[in-house]
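Here the structure is laid out as structure tokens; the discussion comes afterwards.
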Amino acid sequence: SIKAIESSSKEDDTTWLTYWVVYGVFSIAEFFSDIFLYWFPFYYAGKCLFLVWCMAPVSWNGSQVLYQSVIRPCFLRHHQTVDNVLGDLSTRA
């Protein structure tokens, strides 16, 4: 990520920011489901393969696929509501 920030090209910044967004969503989902998932055999091996797929330097890597097909549509559908709630919270604070 530091190499992406320090490079002159901004293309790699987008790639790594997309990865970190997907990783953040995955970490939140895993926080709530880990109590059930760790009982499955090879869960940690599958998790490792998933994260490698998300970082793979190919056009069909996991972070691009998941961001474009799941996270972005959900964000676009609900971003106005989140902005309104955050705006209300900031005025109350």
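Computed 3J(HN,Hα) for the stretch 23-28, one whole-Hz value per residue from the Karplus formula 6.51 cos²θ - 1.76 cosθ + 1.60 where θ = phi - 60°, is 4, x, 5, 4, 5, 5, glycine and proline marked x.
Between (1) 34, 33, 22; (2) 67, 29, 19; (3) 47, 43, 24, which entry matches Cα extents along the principal axes in Å as derived from the coordinates of this structure? Identified label for the calculated read-out: (3). Note on residue 23 and residue 45: the model spin-label points, each 7 Å out from Cα along the C-beta direction, lie 2.4 nm apart. The heavy atoms of residue 82 present about 80 square angstrom of accessible area, all protein chains included, probe 1.4 Å.
Stretching the chain fully between residue 32 and residue 15 yields a gain of 3.5 nm (0.36 nm per residue, less the alpha carbon separation). Here's how it looks for residue 56: its modeled amide H is under 5 Å from those of 62, which are all 5 or more places away or on a different chain. A simple spin-label model places the labels of residue 79 and residue 8 3.1 nm from each other, with each point 7 Å out along Cα-to-Cβ.
The values are calculated or read from the model by the stated rules, or taken from the named source; none is laboratory data. Since the model is a prediction, treat every value here as computed from it, not as a measurement. When we count neighbours, we look across all protein chains shown, and the Cβ atoms used for this are built from the backbone with ideal geometry, even at glycine. The protein model used for the area step is the full one, side chains on, heavy atoms only, and it has no ligands, DNA or RNA in it. Shrake-Rupley method; radii C 1.70, N 1.55, O 1.52, S 1.80 Å.
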